[in-house]
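Structure first, then comments.
Every read-out reported here was derived from the displayed coordinates using simple, explicitly stated rules and does not represent laboratory data. Bear in mind that the values here come from a model prediction, so they are computed numbers and not experimental data. Note that each Cβ is placed from the backbone with ideal geometry, even for glycine, and that neighbours are counted across all protein chains shown.
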Amino acid sequence: MLRKVTILVVLFLGLVIQASAQQQMLIGNPAGRNATSLNGNWQIIIDPYETGYYDYRYQPRPDGYFKNQKPATPGDLVEYDFDSSQQLLVPGDWNSQDDKLLFYEGTIWYKKTFNYQRKDHSRLFVYFGGANYLSDVYLNGENLGRHEGGFTPFNFEITKLVREKDNYLVVKVDNKRRRDAVPTLNTDWWNYGGLTREVSLIDVPETFIQDYFIQLKKGTSDEIDGWVKLNGAAANQTVNIEIPEAGVRQSVTTDSTGNAPVKFKAKLDLWSPDHPRLYSVKLSVGNDVVSDRIGFRSIETRGPDILLNGKPIFLRGISVHEESPRGGRAHGPDDARTLLTWAKELGCNFVRLAHYPHDESMTKMADELGVLVWSEIPVYWTILWDNPETFENARNQLGESISRDKNRAAIILWSVANETPVGDARTKFLKGLIDYARSLDSTRLLTAANERHYSDPQTQVVDDPLGEYLDVLGCNEYVGWYDGLPAKADGLTWKVTLNKPLVISEFGGDALFGRHGDKSVRWTEEYQKDVYEHQIAMLRKIPSLRGMSPWILTDFRSPRRPLPGIQDFYNRKGLISSRGERKQAFFVLQKFYKELNSEGK
Ligand code: GCU
């Protein structure tokens with residue numbers, strides 16, 4: 001009976017994965033494979049009218065810029081030329097690399113030429129860590145496919161198209177905002193466009209390990225419960241799973257679909273923020289090998305408690321946007337280490353990565369440094385709840401995010417939304433996402449950053465109907481900034497209707513670093529400090545409070561913030577300025593987290 005259930009589960013996983021075949025199945029953990037980077041300078045063509053894609057009748061043209069054409073004769077008319085065009089760095093957004101592109105929203109064509117000596121009996125994929133927002137990818141003039149979503153990876157097989165010399169990879173990236181998209185038209189972050197994350201070539205044998213899930217079974221400390229999936233001649237293959245430091249050497253045999261459940265007992269040193277133990281894990285089949293560094297921990301809830309490895313934990317957190325200390329979209333291990341080190345300096349054991357999946361180097365760095373993670377997809381404010389394409393898009397982004405990060409011990413929470421309006425269509429939409437996430441990963445907790453309302457002027461109520469389907473209740477509130485003055489918090493009480501852990505996922509206020517004055521004066525550091533002091537005093541009285549991630553670690557660019565001399569298109573709610581300076585409120589939160597830590601929280 002158990003064996004039948006297991007086979008059904010694995011088959012179902014295969015089906016779920018098949019569902020996203022329109023973008024080819026994601027290859028898990030490209031960094032753990034034989035990969036060639038295509039990062040560096042790429043030629044670009046800025047194309048606001050999409051002349052490289054549409055003809056004057058606005059019909060897709062067969063001879064678009066993806067053909068990378070050159071005049072064959074002096075008489076030939078070709079009105080573009082990548083090779084004498086401007087260059088931009090990849091990974092990197094275009095807005096912060098060129099002042100004339102700071103506010104640019106539209107299409108930019110990227111082109112990279114490369115040579116590649118492909119070995120016999122090997123296959124080749126091109127892998128994108130992420131590109132904002134809509135990407136059409138071509139190799140040597142052939143369309144490979146399209147990807148929608150600015151913050152999740154995608155890949156295409158190019159085995160049959162690649163040649164030894166002068167391959168030209170062309171990507172049309174369009175970051176135009178659309179009402180039906182995810183996110184939709186209005187957000188409070190900069191719409192950084194471009195090939196914002198790494199691009200690489202992944203060289204694998206004809207049969208290779210497409211993906212794997214190696215994590216502890218929920219609620220256990222010694223039972224691995226996962227799976228492995230092959231691509232190629234995948235049936236009846238023996239896959240080895242080795243964790244040398246734990247004395248593990250297991251083999252499993254794949255079924256006709258190339259899937260195999262991975263179940264075994266192991267004596268493991270559990271991962272936690274105080275002890276971020278990672279194990280080298282090696283998976284191999286034939287001459288394909290994938291290596292990874294994985295931590296093992298369990299995460300659950302029990303009533304209002306969050307249990308990490310069976311013990312209650314308080315999430316001392318901060319929200320973080322993917323904004324680099326160098327300016328622009330953050331990417332790569334250096335930016336990740338800087339931002340997480342700042343969070344740890346605050347006394348954090350937790351970060352809310354807002355409002356979209358951050359670069360993989362951020363979640364891997366969180367594994368290394370021991371920082372728990374709330375990961376979110378950009379279902380933000382008011383998207384089109386009744387639109388099936390919008391749902392499919394959100395679902396796909398969620399699937400790609402979970403697929404990429406499912407082996408990261410640091411990630412404990414999948415968040416499906418931020419500040420969405422209570423309503424039946426919305427709740428149905430989000431319930432659909434929650435169910436999908438649970439079908440892909442039964443080991444983590446589901447949450448969302450919801451809002452609260454007043455039942456009377458002194459009582460804030462957390463009773464969003466979505467809470468019923470969540471494991472952890474997230475709640476954003478801005479008492480002292482959008483809602484009254486800081487001292488208003490003193491007279492407020494909280495009513496949380498469900499017996500579940502509450503995480504205050506946002507609170508805060510703006511301050512321009514170096515602007516000083518009486519604490520009653522907005523935009524001063526003293527005002528922001530006052531907001532934090534009153535907030536902390538109010539929040540620590542809430543019985544079911546099990547965490548917080550104040551808004552926000554650093555100031556970040558936002559097109560919604562034009563106030564001259566103060567905002568200048570920055571949201572100034574950071575505890576650290578856009579130049580890395582700590583504001584007074586930074587030290588208020590640091591002191592509070594030190595106290596909690598000394599109380600064993
Ligand atoms: C909102 C929202 C954030 C925004 C913040 C603010 O709650 O979730 O994305 O930046 O408030 O207004 O500063």
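The distance separating the Cα centre of the range 240-280 from that of the range 396-434 comes to 26 Å.
Charges were assigned to the Cβ only: +1 to each Lys and Arg, -1 to each Asp and Glu. The resulting dipole of the chain about its Cα centre is roughly 1180 debye. Take the Cα of Thr459, step 7 Å toward its Cβ, do the same at Ser280, and the gap between the two points is 6.0 nm.
For Ser558, the residues whose modelled amide H falls within less than 5 Å of its own, excluding neighbours fewer than 5 places apart on the same chain, are Tyr570, Asn571. Report the FRET efficiency, 1/(1 + (r/R0)^6), for Lys100 and Lys495, where r is their Cβ-Cβ distance and R0 is 35 Å, rounded to 0.05. The value I calculate is 0.10. Shape of the chain from its Cα gyration tensor (a ≥ b ≥ c, root eigenvalues): rounded if a/c is under 1.5, otherwise prolate when a/b > b/c, or oblate? Oblate shape, in that a/c is at least 1.5 and b/c is the bigger or equal ratio.
Span-like helix check, the chain: qualifying full DSSP H segments, with Cα axial length of 15 Å or more and mean Kyte-Doolittle of 1.0 or more, are 2-19.
When each of the peptides 345-354, 261-270 is scored by how many other beta carbons lie within 10 Å of its residues on average, the order from highest to lowest is 345-354, 261-270.
Here the sum of -39500 (n - 2.57) over DSSP H runs of 4 or more residues, divided by the residues of the chain, equals -6000 deg cm²/dmol at 222 nm, to the nearest 500. Computed from backbone phi with θ = phi - 60° and the Karplus coefficients 6.51, -1.76 and 1.60, the 3J(HN,Hα) list for the range 125-134 is 10, 9, 10, 10, x, x, 8, 9, 9, 10 Hz; x is used for glycine and proline. Computed extension length for Val422-Ala233: 63.2 nm, one decimal, from 0.36 nm per residue of separation with the Cα-Cα distance subtracted.
Dipole of the range 406-460 computed with +1 at Lys/Arg Cβ and -1 at Asp/Glu Cβ about the Cα centre; of Thr420, Thr459, Thr447, farthest Cα towards the positive end is Thr447. Cross-link partners of Lys111 among lysines, defined as those whose alpha carbon lies under 17 angstrom from its own and excluding same-chain residues fewer than eight positions apart: Lys67, Lys70, Lys165, Lys172. The separation of the range 113-143 from the range 574-601, counted between C-alpha centres, amounts to 44 Å.
Using a ≥ b ≥ c from the Cα gyration tensor of the range 91-222 (square roots of the eigenvalues), is it rounded, prolate or oblate, where a/c under 1.5 gives rounded and otherwise the larger of a/b and b/c decides, a/b for prolate? Oblate, since a/c reaches 1.5 and b/c is not below a/b. Based on the alpha-carbon gyration tensor of the range 494-548 and its eigenvalue square roots a ≥ b ≥ c, which shape applies: rounded if a/c is under 1.5, prolate if not and a/b is larger than b/c, or oblate? Prolate is the answer for the range 494-548, as a/c is 1.5 or above and a/b outweighs b/c. Only lysine pairs 8 or more places apart, or on different chains, with alpha-carbon atoms under 18 angstrom apart are counted in the range 485-601, and they number 20. Which stretch or stretches of the range 84-127 have amide N atoms under 13 Å from the point lying 7 Å from Ile46's Cα along the Cα→Cβ direction? Counting only backbone N, you get 86-88, 94-109. For the range 239-379, averaging the sequence separation of C-alpha pairs within contact (under 8 Å, six or more residues apart) and dividing by the residue count gives a relative contact order of 19 percent.
Using C-alpha pairs below 8 Å separated by at least 6 residues, the relative contact order for the chain is 11 percent. Given R0 = 45 Å, the distance between the Cβ atoms of Lys344 and Gln117 translates into a calculated FRET efficiency of 0.55. Simple spin-label estimate for Tyr56 and Ser85 gives 2.1 nm between the two label positions (7 Å along the Cα-to-Cβ direction from each Cα). Dividing the mean sequence gap of close Cα pairs (under 8 Å, 6+ apart) by how many residues the range 382-481 holds gives a relative contact order of 27 percent.
Computed from backbone phi with θ = phi - 60° and the Karplus coefficients 6.51, -1.76 and 1.60, the 3J(HN,Hα) list for the range 552-558 is 5, 4, 10, 4, 9, 5, 8 Hz; x is used for glycine and proline. Here the calculated FRET efficiency for Lys217 and Lys431, from their Cβ-Cβ distance with R0 = 25 Å, stands at 0.50, rounded to the nearest 0.05. With θ taken as phi - 60° and the Karplus curve 6.51 cos²θ - 1.76 cosθ + 1.60 applied, the whole-hertz 3J(HN,Hα) list for the range 489-499 is 4, 4, x, 9, 10, 10, 10, 10, 6, 9, 7 Hz, x standing for glycine and proline. Between Glu468 and Asn597, the simple spin-label model (points 7 angstrom out along Cα→Cβ) gives 4.1 nm. Here's how it looks for Leu144: its modeled amide H is under 5 Å from those of Val137, Tyr138, Leu139, which are all 5 or more places away or on a different chain. Going from the fewest other Cβ atoms within 10 Å to the most, the residues Ser598, Ser520 appear in the order Ser598, Ser520.
Close amide H partners of Gly509, meaning residues 5 or more places away or on another chain with modelled amide H under 5 Å apart, do not exist here. Bridging of Lys176 to aspartates and glutamates at a Cα separation below 13 Å is possible for Asp47, Glu50, Glu105, Glu148, once same-chain residues fewer than 8 apart are set aside. For Lys265, the lysines whose Cα comes closer than 28 Å to its Cα, not counting residues fewer than 8 places off in the same chain, are Lys4, Lys217, Lys218, Lys229, Lys282, Lys311, Lys364, Lys406.
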